[in-house]
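Each value in this text was obtained by applying a stated rule to the coordinates, not by laboratory testing. As the structure is a prediction and not an experimental result, all values here were calculated from the model. Note: ideal-geometry Cβ built from the backbone for every residue, glycine included; neighbour counts use all protein chains shown.
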Amino acid sequence: MSTTETTPANQLASDALQQTHLGIHRGSGLRERRASSFRTNRSNALAAFTTLSTPTPGDGSGTSGNVLKSDDSAVEEDGSFLSFYCAGWADGTPGTILPHLEEYYGLSHFTVSLIFIATATGFGVGTIINEPLFIALGKFSVGATKRTFLPPLSIPFLKTSNDAGMYGHSISQGRCLTLLVGGLSQIIYFSIASSKPPFIGLTFAFFFGGVSIAIISAQCNAYVAGASVRTQGRALGNLHGFYGIGAFASPLVCQTALAAGWKWNQFYYTSIGFSLSSFILLIIAFHTTSSEFEIEKDISTQLAIAQEKNENQDSGTNAPEGPESIRMDTMGESSSRGRQLRRRPSEGNMPKNTMRAALSHRYVWMFMIFLLFYTGSETTTGGWIVTYLLKERSANPNTVGYVASGFWGGLALGRIILGHASPYIGLRKEKHLVHVYIAISLVMTVIIWFVPSFIGNAICAAFIGFLLGPIFPTSLALATKILPKEVHLTALSVMSSFAAIGSAVFPFIAGVLANAKGVVTLQPFMMGILGMMGCLWFLFPSRVGMTV
């Protein structure tokens with residue numbers, strides 16, 4: 001844990017600002033999120049940032065409440081849930097539509113699996129650009145007199161501000177605009193797919209789908225995990241439960257539409273409607289309010305003052321007097337203070353990229369690898385179970401798609417039901433239960449492999465979904481308990497995005513094996529993934545502060 005002696009003042013305040021907006025400010029108990037809370041606690045917030053003290057664990061007064069329970073934050077919760085529903089809707093579709101793509105384009109198992117590689121590439125790009133987007137899009141001019149939708153741009157014909165002074169960083173603006181990039185990518189994905197493009201165009205569409213899910217999952221996971229400190233398991237279970245509901249609904253609707261005579265691309269018309277609704281709700285839920293703008297501007301001014309004092313102390317000079325100096329006249333005169341900032345451009349109070357710090361923790365890498373295999377097990381089963389049953393069990397093409405819905409429906413129920421039980425189970429028991437979930441999933445996989453019963457295989461697939469469901473939110477909740485708070489946002493983003501890559505890579509490998517040896521290889525391949533998950537899970541501690 002860093003101290004005030006070793007951490008620069010402006011970085012310390014930036015960390016505290018991030019914690020404030022996540023609703024986890026431990027020292028002063030700040031829990032403001034929206035209009036009335038911002039006005040009430042403005043003095044306390046400014047005082048906290050003026051002292052530049054590192055937050056220390058308190059008595060829980062600042063962390064015991066769930067900030068998502070406020071009326072305004074309920075809208076943000078709804079926006080996150082609908083975004084994850086659309087992400088699940090997108091991920092649940094390929095399993096049902098894959099045989100139709102093979103028939104329409106005349107492709108082998110190997111070639112059609114390239115859509116998973118395109119998705120994985122999109123996940124990788126989304127992972128890389130997520131934090132830089134958040135930082136760049138959250139930039140605003142401290143000298144601005146009103147909030148703007150776009151950050152200050154340096155391109156001459158697109159400049160949004162003439163101010164050349166200090167820039168601040170808005171957590172709310174950065175999160176909102178980054179989520180909108182993800183939402184727009186999802187609209188592009190569904191729009192291209194609905195046009196029945198050449199196969200190369202379809203892979204391009206799936207690339208945008210990967211970018212979308214990587215950005216949305218990273219931002220929403222970090223927001224929900226940070227906003228609900230005491231009930232992280234329950235909140236994350238609900239969030240990922242909506243992903244499962246979307247993944248359950250899409251093959252159900254898709255199979256029904258295809259059986260009714262729809263073309264495979266026509267199904268994506270409904271997907272466009274969902275993505276547009278999600279995009280609009282993201283704007284409503286996460287846009288920066290006037291009160292957020294005012295307090296973020298006030299805090300950025302305090303950071304500028306702290307930076308100026310810090311630089312003066314380092315240089316051994318006193319702060320200059322007069323209009324060129326940084327002055328703080330009254331608490332309410334933020335616009336005049338912004339104009340009195342030093343005139344040379346500076347981004348000293350912009351947050352630093354914490355990617356390197358997050359990746360320096362070995363548990364981050366362990367979680368990344370574990371979740372890579374976990375999401376691979378999800379999408380491999382959901383993506384290939386229909387093809388497996390068609391080829392190995394001679395299933396009815398008009399009804400087999402419902403098995404994919406059963407798998408994703410089980411996953412949704414597992415996340416919601418077992419996620420709600422998480423706060424009452426405790427970390428140690430919950431960690432051991434994950435081993436039980438994986439072991440039973442292995443047994444179900446063996447049954448699907450060796451028992452030639454369509455009904456039995458369908459039931460086992462649903463049970464596998466139910467047992468795998470709570471593992472992802474449980475992993476994220478465990479990560480927030482054993483990782484330093486200053487890297488939570490970046491660590492959860494990287495872990496979620498890296499997991500998304502696994503959800504595309506492993507179905508592709510399954511397709512390569514199916515093309516070479518037949519779809520009968522799906523079940524032994526799944527056993528290998530589940531076995532690796534069980535081995536990796538042993539490496540995590542069962543108590544906070546414990547090492548392995």
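Numbers at a glance
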| quantity | calculated |
| --- | --- |
| Computed FRET value (nearest 0.05) for Ala439 with Asp78, which takes r as the C-beta separation and R₀ as 35 Å | 0.45 |
| Pair Ser453, Ser290: separation of 7 Å Cα→Cβ label points (nm) | 6.6 |
| Gained length - Lys517 relative to Ile417, 0.36 nm times residue gap less alpha-carbon distance | 32.2 nm |
| Under 5 Å, built H, 5+ apart or other chain: amide partners of Ala395 | Leu390 |
| Gain in span if fully extended, Lys429 to Ala260, counting 0.36 nm per residue against the direct Cα distance | 56.1 nm |
| Separation in nanometres of the label points that stand 7 Å from Cα toward Cβ, at Ala136 and Glu102 | 4.1 |
